[in-house]
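Worksheet: one structure, shown below.
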Amino acid sequence: MTPELAGEEARANFMKGYACAPAVAAVFAEQFGFDREQVLRLTQPFGAGVCRMREVCGTFSGMMAALGMYMGSADGTKESKDRIYQAGQELARRFREANGSIICRELLGLVPKGESDRAFEEKRAVRHEADAPVSEERTAEYYKKRPCPDLCAFAARTFFEWLSEQEAGKVQASGEHSAHSGAHSSSGDGSATGRDKKVACGAHNGTGHAL
C-alpha cells in the first residue's frame, strides 16, 4: 500500500456510505491486527464531528483511532500516554496546516475558521439542522456540497506518510544498533531483531506491522 492508495481506500469507504471516522480507521485495521468490522462499529459514533454534533472532524478522529491501533498501550503509564499524545499532536498539526482546522463545523463552512464556538452557538439559536442527531441521505447533492471525501483521503494519506516515517526510523535505528553490537561481539552477525525483521519484510510483502 502507498499513501495514495490508503487515501483512495478511505475516500471509497466514505462514498460507500460509511461515516468519515470509520472510513479512515478501517483502512488500517487489518494491517495492525484488528478486526475490520469491529473497528467500523467502534468508530461509527465519531462520524460527523461526534454523532453529528460538528465537533472534532471525524476524519481526524479516524486518524486517532489508527494511531491507537498502531502505538496505543493498555498499561496506563505516563510514558505511553505522553508518547501517543506527542504523536497525535503532530498529526493534528499536519491536519490543521493543510486544512485550516480539525473542527467539523469549520471545515464544512458552517462557521468561520477560528470562530467555531461563538459563531456556532449563535447560529444554533435559529437553526438546528446542522447538528441534529439524524444523518442525511447520501445523495449526489450531499457529496457535492461536502469536503468529507477529500478529507477522508487526506487523513488516511497523511497517517500513512507519518507511519512510514516512524517505521523507517525504527529500521534505521535497528541497523545502527546491530552494527554497533556486531563491532563489539564476535558471536553477533549484525542482523536486525526479530520484530524489526518482520517490519522490514512487511515493507516488501505487506505482512506484519510494516507498510
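Annotations
- Qualifying residues in region 138-181 (those that are surrounded by 13 or more Cβ atoms within 10 Å (Cβ to Cβ) and acidic (Asp, Glu)) - the one farthest from the chain's Cα centre (by Cα): Glu167
- A single member of Ala25, Ala65 is assigned to a helix (DSSP H, G or I), under 14 Å from the mean Cα position of the chain (by Cα), farther than 21 Å from Arg138 by Cα and at pLDDT 95 or above, and it is Ala65.
- Residue under evaluation Asp75, criteria (1) touching a residue at least 12 places away in the same chain (Cβ under 8 Å); (2) open to solvent by 10 Å² or more (accessible area, probe 1.4 Å), criterion not met: (1)
- Residue check for Glu37: over 23 Å from Pro112 (Cα atoms), open to solvent by 60 Å² or more (accessible area, probe 1.4 Å) and part of a helix (DSSP H, G or I): yes
- Within region 45-66, being open to solvent by 70 Å² or more (accessible area, probe 1.4 Å) and closer than 20 Å to Phe154 by Cβ holds for Phe46, Glu55.
- Complete set of residues in region 1-22 that are part of a helix (DSSP H, G or I), surrounded by 14 or more Cβ atoms within 10 Å (Cβ to Cβ) and not charged (D, E, K, R): Pro3, Ala6, Gly7, Ala10, Ala12, Asn13, Phe14, Met15, Cys20, Ala21, Pro22
The values are calculated or read from the model by the stated rules, or taken from the named source; none is laboratory data. Note that this is a predicted model, so its numbers are computed, not measured. Neighbour counts are summed over all protein chains in view; Cβ atoms, including those assigned to glycine, are modelled from backbone coordinates with ideal geometry. Accessible surface is based on the protein model in full, side chains and every heavy atom, while ligands, DNA and RNA are left aside. Shrake-Rupley method; radii C 1.70, N 1.55, O 1.52, S 1.80 Å.
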